[in-house]
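The next block holds one structure in the form of structure tokens; read it before the comments.
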Amino acid sequence: MSALGHNFIYSNSQVLVTQEKDFDQNYEIWDWQTQQVICTLSLSGYMPVITVSCDQRFLLSGSRENGIIKVWSIRTGHEICSLTSHSSSITRLAISSDGQKLFIWSGDSTVEVWGI
């Protein structure tokens, strides 16, 4: 695995998300076992908030600028859908261990819980 020159953005036991050190909008999703890049996503905005679904099929990115969450396929790298959450910035995303709930923290000090 050669992720030198990258910032480590997110990691769990199966995937690693990196961003180039020049803070461009491209994020690489790495497979820990094969040590290969699965896909590259182009995420707009400054340092989006990221989480990965329990089954490792989807990456969710939240905007620190406008409260929009995008759902991406890790397998294809394509955006699946956009969701509107808080009216202010999203500061954190988390998925429950059973994969049934999405927790969305906002800059206005509120938390939304969505069934997924």
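DSSP loop (so not H, G, I, E, B), at most 12 other Cβ within 10 Å: list which chymotrypsin sites (Phe, Trp or Tyr not before Pro) in the stretch 37-116 pass both filters.
On the way: sites: 46, 58, 72, 103, 105, 114; in loops: 46.
Answer in residue order: 46.
For residue 32, enumerate residues with amide H under 5 Å from its amide H, sequence gap 5+ or separate chain, H modeled in the peptide plane.
The list, which skips near neighbours in sequence, is 15, 16.
What accessible area, in Å² to the nearest ten, does a 1.4 Å probe give for residue 108?
70 Å²
Separation between the residue 87 and residue 31 pseudo-spin-labels, each 7 Å from Cα along Cα→Cβ, expressed in nm?
That separation, rounded to one decimal, is 4.5 nm.
In whole percent, and with a 1.4 Å probe on the protein chains, what portion of the accessible area of the stretch 59-116 is carbon and sulfur?
Ligands and nucleic acids excluded, carbon and sulfur reach 50 percent.
Counting only the backbone N, which residues of the stretch 79-116 are under 12 Å from the spot 7 Å out from the Cα of residue 54 toward its beta-carbon?
What the label zone holds, given the 12 Å backbone N cut-off, is 95-102, 116.
Leaving ligands, DNA and RNA out of it, rank 75, 64 by accessible area with a 1.4 Å probe, largest first. Show your work: numbers first, answer last.
Working: 75 195, 64 110 Å².
Listed by decreasing accessible area, they come as 75, 64.
Hey, could you get me the Stokes-Einstein D for the stretch 69-116, Kirkwood radius over alpha-carbon pairs, 4 °C and 1.567 mPa s, rounded to whole µm² s⁻¹?
Details: Rh = 11.7 Å.
The Stokes-Einstein estimate is 111 µm²/s.
Can you compute the modelled spin-label distance between residue 40 and residue 73, with each label point 7 Å from Cα toward Cβ, in nm?
With each label point 7 Å from Cα toward Cβ, the separation is 2.0 nm.
Would you mind getting the accessible area per residue of the stretch 55-98, heavy atoms of the protein chains only, 1.4 Å probe, in Å²?
It amounts to 54 Å² per residue over the stretch 55-98.
Heavy-atom accessible area of residue 96 with all protein chains present, probe 1.4 Å, nearest 10 Å²?
20 Å²
The values are calculated or read from the model by the stated rules, or taken from the named source; none is laboratory data. The model shown is predicted, which means the values in this text are computed figures rather than measured ones. No Cβ is skipped: glycine too gets one built from the backbone with ideal geometry, and neighbour counts run over all protein chains shown. For accessibility, only protein heavy atoms count, side chains too; no ligands or nucleic acids. Shrake-Rupley method; radii C 1.70, N 1.55, O 1.52, S 1.80 Å.
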